[in-house]
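J.: Below you'll find the structure I mean.
The values are calculated or read from the model by the stated rules, or taken from the named source; none is laboratory data. No experiment lies behind these values; they were computed from the predicted model shown. Because the Cβ atoms are built from the backbone with ideal geometry, glycine has one as well, and the counts that use them run over all protein chains shown.
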Amino acid sequence: MRSKVLIVDDEPNILISLEFLMSQAGYETRSAETGEQALAELDAFQPDLILLDVMLPGIDGFEICQRVRQAPAWSHIKIVMLTAKGRDVEVAKGLALGANAYITKPFSTRALVSEVQQQLAEAQNAGAVETQGGDRP
Amino acid sequence: MNRRFLKGQRLIAVFAIGALLFSYPILSLFNRPQLLFGMPILYVYLFVTWAALIALYAFIVERRR
Amino acid sequence: MLQGGVVFLIILLYMGMLFALAHYGDKRAEQGRSIIRNPMVYALSMGVYCTAWTFYGSVGRAATSGVGFLPIYLGPTLMAGLWWFVLRKFIRISKMYRITSIADLAASRYGKSQLLGGFVALIAIAGIVPYISLQLDAVATTFNLIWNFPNIGQQTSIGQIFTVEDTAFYVAIVLAVFAILFGARHLDLTEHHEGLVAAIAFESVIKLLAFLAVGVFVTFVMYDGFGDLFSQAAAVPSLQRLFTFTPGEGPGGDVYGDWAWLTFLSMMAILFLPRQFQVAVVENTQERHLNRAIWLFPLYLLAINIFVLPIAIGGLLHFPDGAVNADAFVLTLPMAAGQEPLTILAFIGGFSAAISMVIMATVALSAMASNDLVLPLLIHFRLVRLNRGGDLSGLLLTIRRIAIVVIVLLSYFYFRLTGENNSLVSIGLISFAAVAQFAPTVLGGLYWRGGTRLGAFAGLTAGVATWGYTLLLPSMASNMWLPGTLVTQGPFGVEWLKPHALFGFIGYDPVPHAMFWSMTFNVGAYVMVSLFSKQTILERNQARLFVDVFTQPLGGEGQSLWRSNASTPALMDLLHRILGEKRTNEAMKTFALRQGVPWPMGDEAPPVVIEHAEMLLAGAIGAASAHVAVASVVQEATLSLDELMRMFDETTQVIAYSRDLEERSQQLERQSRRLEAAYTELQAANERLKELDALKDEFVSTVTHELRTPLTSIRAFSEILHDNPDLDTERRQKFLAIIMRESERLTRLINQVLDLAKMESGEMEWRRTPVDLADLIRDSAQSMGRLSAERQIELTLDLPARAPLILVDRDRIQQVVLNLLSNAAKFCDPDHGEVIVSLRVQPEWITVAVSDNGPGVPEEAQTIIFEKFRQLGNASRRRPQGTGLGLPISREIISHFGGQLTVQNNADAGATFMFTLPLDGAA
């Protein structure tokens, strides 16, 4: 089954480029332009990974990240944060909030795609271990 | 280059020229008792230089772009 | 023929004329039709530099040392080239912070120190009183000469005339009255004395004409032109000597060194003489008048000096036996030729030179004396309570008037005491040297942030002590009280302490000698002590404001160190008592409206208002006293060092904490399910991070973000196109179009950021041309036509056929109009868009309004939208287009041209953006 990637960014052009890259890499994609839309898509689309921009109108990327990590149902979702504000404290904050990777804009498309591939591969391994190991606390 | 800034720099340059012309050793070159146009040569030198400085100032600040 | 009575009558007539002129100048100022708002009058008023010393003394000095009189005028000529940097800074600072004297400037720069202000005032008064006395001396002596017309030789000593007949005394009294009437009639917020300046400028014309008349008469009537005069002189060895540099009275005889020091001395004098500061800085009405003065004032000096040497030589040829004092040649030559009208004219010229100096110097010194000496003392000894009691403005005026009378009388008694032993020039130079001591403190303070109050005290003390010992003391020793051996043999016979040859240095004349040592000690002490002492917070703040004055916004409020509020009634009461109720209310109301503070104010006055109140008071009672006065009604003191240190510590902790956080986050990642526990901690960290954000420069971070966003698209699509050479044409075209659009956006953004940075640092180039705003709006509307037609917006223009021309930068104003139009188009009703542009011409303003029928701007957002990168979304579009810099730039542009850009909501629907531009820049 194809992995599902949810792309969240409020810049339409960046969104177009990310959609192109993700579908070229063979993933199923959906897009959201605001925090509210993103939360709705999380429910509806059940993605394996989110490409999440930090600066969003309304609910921002940090908060979405937090909510995803708080909800047990979404705990397996990988989060790759994207931001144009590349300050150290923000990277630290994103990672502390449970993001799996942090990429600053402007990004290299190859690096981005390979990061996403790596994260999804890890998720699949973990998933395999999880199904074998049975119940987890 | 910023016009205001340039104006200030030009004025400073004229100041520097003036300071040079009104000091040793340039002054000593004109320190002679002879007359030029019926006037003491030092006196002529000082006033002509003075007038020239003023003309330069006026040219710099009153020039329309 | 020329009896004393006639001369007296002429003096009276002349004084009457001055009174009338000054009165007329004040009247016109009250009606708002100033006669001194004119670069010519400004430059002429600077002619107050030329006193009786110039008028009579230059000839005297030329008669003994040839061109030796010239450095006093070449110095200011050279300095004029630096005015654009230095004097303009003085003017800008004084206007922004209502500085009214040098003492005030020094006090304000060094942490609003009353002590420093008082010290500077004291030095100025001690240094200038002998100089004023010199002018009284000149008036009395020349009156005496002319009284004996046409007999030249018989001078009676003034000391022998009874006081009743003593002209100097009467002149002193009349001048004091004049100074009080036109220099201290009311406490002014701007401290402008228009009538006074008009009179001074007029006197500059009179003395120049008089001197030129005498010069022309001596050169061309008594002799046969320059050639004749100089060739006659060349035949006499003692006169030919004057054609070249001749060694002065000093033993060393380094004429060029003397010359250089005198030039430097007069460069400092033109900046720091209190009367020059008064006319050039305090009375300056517009900064750009400086342009004209930069060349006109040196030209004035040149004109008044052309005939100095000819008159001196003419006098020496005419009175070969030395019976007539060369200081009086200007008067005695016409007298000797029996020229009555010319004699009178010369006398009036010298008289006007003397009295203009006396009046201006007295007014300037009295402001210092009252604001920086008397008032602080009264406050200190609790004789005046600023925070309670009745009206103080009367008291302040009385102090100032008494100060005028005291200074004039002091000068008079100094004159009676010293007699006429001193030549005109030497006393003047001693005064010059006194005020030159301000140079390190003031110039250092304006260009070097590190100068401290202690440094200023040390420099001034060292400089003034050296000045007193090497110049003042010897001048007294040659007069009276002190033994003459002090100068000739040194105190107690100690050779190396001789005042004119300190440490055995004998290369220079006394004045250059004193300048060398006093400047050495002054600068040395100022710099060294500054480097080893600390500044208070207030001092550091003032240093920053003063040194970087050109990068502060004009009308620079908002730099307040006041942290707390004050009770409005107490603050207003303070202002009422000092400035009067009517003017206080007018000034505060204007300010409140401009700042968006509600009027009348609530019970608590916010920090910006307190700051402004302090500035208003500074104009009337000096910066230092104003600070003390305002502090008395503000409950909490200024931001303390402790508080600042605490804020600093906190910041450091937050930074350390965020590093800590980074490490911990890796553990967190491993135990991602146990985030709950760290969650509360994180929230606290969030709060701190927000604070950190605010402390860092938010602007830089935002610019970075805004630049990276288009860059991201450009890079991503470039790489996609590069990695996928076989992409279909349609998508290829689409991606290329995005790259182009985003590149444009990036360019636009960079340009705007640069524009804004240039404007804020004052480095923008503005090209002023006469512009018809109505025309400009029609143009702009046309270029917007396509866009509005596309969106079906109805654009209505409500314009007069033509508007008065104003001098602005056409392109920049068009940028503003286009920005407002495109904003209106963006935000108006999406279905039935209506935009109305109107232009109204008012007596002083042109108002342009652009209104739309969109949702309007929420009350709370009305100031935010003028901040950088703050945009409002609208319902149909989540993220507005544009860079978020349009309105801030527009506001910068409009305020550069003296106008205001504001927004308000319409009664029915939509918002109106309105800007005004003043008509006084009319072409």
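J.: Residues of the stretch A:67-92 being facing chain C (nearest Cβ under 10 Å), closer than 20 Å to A:Val5 by Cα and surrounded by fewer than 16 Cβ atoms within 10 Å (Cβ to Cβ), which ones?
T.: Across the stretch A:67-92, the qualifying residues are A:Gln70, A:Pro72, A:Ser75.
J.: Another question, if that's okay. Just to be sure before I move on: is C:Ile72 in a helix (DSSP H, G or I), more than 10 Å from chain B (Cβ to nearest Cβ) and out of contact with any Ser or Thr (no Cβ under 8 Å at 6 or more places or on another chain) in the structure I sent?
T.: no
J.: Just to be sure before I move on: is C:Leu44 out of contact with any strand residue (DSSP E or B) (no Cβ under 8 Å at 6 or more places or on another chain), assigned to a helix (DSSP H, G or I) and surrounded by fewer than 24 Cβ atoms within 10 Å (Cβ to Cβ) in the structure I sent?
T.: no
J.: Starting from the stretch C:215-241, keep only residues that are more than 13 Å from every other protein chain (Cβ to nearest Cβ) and closer than 24 Å to C:Leu342 by Cα, then list their pairs with residues that are at pLDDT below 85 and part of a loop (DSSP other than H, G, I, E, B) whose Cβ atoms are within a distance under 9 Å, requiring at least 6 positions of separation or different chains.
T.: Correct list of pairs: C:Phe217/C:Ala337; C:Phe217/C:Gln339; C:Val218/C:Ala337; C:Val221/C:Ala337; C:Val221/C:Gln339; C:Met222/C:Ala337.
J.: Look through the stretch C:550-582, keep the residues that are within 23 Å of the chain's Cα centre (by Cα) and assigned to a helix (DSSP H, G or I), and return whichever of them is modelled with the lowest pLDDT.
T.: Selected residue: C:Thr551.
J.: Let me ask something additional. Answer with yes or no whether C:Ser713 is over 30 Å from B:Leu6 (Cα atoms), assigned by TED's automatic domain parsing to the domain that holds C:His896 and in a helix (DSSP H, G or I).
T.: For C:Ser713, the condition - over 30 Å from B:Leu6 (Cα atoms), assigned by TED's automatic domain parsing to the domain that holds C:His896 and in a helix (DSSP H, G or I) - is not met.
J.: State yes or no: is A:Ala25 within 14 Å of another protein chain (Cβ to nearest Cβ) and out of contact with any strand residue (DSSP E or B) (no Cβ under 6 Å at 6 or more places or on another chain)?
T.: Criteria met by A:Ala25.
J.: On to the next question. Taking the stretch C:788-801 on its own, how many of its residues are exposed (fewer than 11 other Cβ atoms within 10 Å of the Cβ) and under 9 Å from C:Ala774 (Cβ atoms)?
T.: Of the residues in the stretch C:788-801, 1 are exposed (fewer than 11 other Cβ atoms within 10 Å of the Cβ) and under 9 Å from C:Ala774 (Cβ atoms).
J.: Let me ask something else. Would you say A:Ala44 is within 12 Å of another protein chain (Cβ to nearest Cβ) and more than 12 Å from the chain's Cα centre (by Cα)?
T.: So A:Ala44 does not fit the description; no.
J.: I'd like the residue in the stretch A:16-36 that is surrounded by fewer than 19 Cβ atoms within 10 Å (Cβ to Cβ) and at pLDDT below 90 and, out of all such residues, is farthest from C:Ile738 (Cα to Cα).
T.: A:Glu36
J.: Do the conditions hold for B:Val44, that is, is it touching a strand residue (DSSP E or B) at 6+ places or on another chain (Cβ under 8 Å) and either farther than 24 Å from C:Asp254 by Cβ or surrounded by fewer than 18 Cβ atoms within 10 Å (Cβ to Cβ) (or both)?
T.: yes
J.: Evaluate the following for C:Met519: is it surrounded by 21 or more Cβ atoms within 10 Å (Cβ to Cβ) and either small (Gly, Ala, Ser) or at pLDDT 80 or above (or both)?
T.: yes
J.: Take the stretch C:76-92 and flag every residue that is facing chain B (nearest Cβ under 9 Å) and surrounded by 23 or more Cβ atoms within 10 Å (Cβ to Cβ).
T.: The answer is C:Thr77, C:Leu78, C:Met79, C:Ala80, C:Gly81, C:Trp83, C:Trp84.
J.: Further question: Among the strands (runs of 3 or more DSSP E) confined wholly to the stretch C:741-833, which include 1 or more residues that are closer than 26 Å to C:Gly910 by Cβ and touching a strand residue (DSSP E or B) at 6+ places or on another chain (Cβ under 6 Å)?
T.: C:794-798
J.: Right, another one. Can you go through C:Thr902, C:Thr912, C:Thr883, C:Thr916 and tell me which one is modelled with pLDDT under 70, surrounded by 15 or more Cβ atoms within 10 Å (Cβ to Cβ) and either assigned to a loop (DSSP other than H, G, I, E, B) or in contact with a Ser or Thr (Cβ under 9 Å, 6 or more places away or on another chain) (or both)?
T.: C:Thr883
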